[in-house]
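One structure is given here, and the rest of the page talks about it.
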Amino acid sequence: GKQVQRNAANARERARMRVLSKAFSRLKTTLPWVPPDTKLSKLDTLRLASSYTWPFMVAGKPENELKEAVNTTRLCGPTAS
């Protein structure tokens, strides 16, 4: 009945969260200046990863693409709340 469906949905959500947590853990290990034992929230991990990858993303792009990227970052980038 409904309890069986709820239990199945809860199990799927727990599995989804385990996958997501592992992905964030792996992402954190790729940040060169973050010691392995550092506790970071998922949001902080995303912000640090974004600030780390930003120079690589914009390197070699034409000026018009850079302006568009800067405008996008202002709207939804690492410092937006």
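Rule-based calculations on the coordinates, nothing more; no lab input. Quick caveat: nothing in here was measured; it's all calculated off a predicted structure. With ideal geometry, Cβ positions are generated from the backbone for all residues, glycine too; neighbour counts draw on all protein chains shown.
At a glance:
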| read-out | value |
| --- | --- |
| Cα-projected label distance for L43 with A23, points at 7 Å along beta-carbon direction, nm | 1.9 |
| Computed label-point distance, nm, for sites R14 and T53 using a 7 Å Cα→Cβ extension | 3.1 |
| Proxy reagent accessibility, fewest Cβ within 10 Å first, across F24, F56 | F56, F24 |
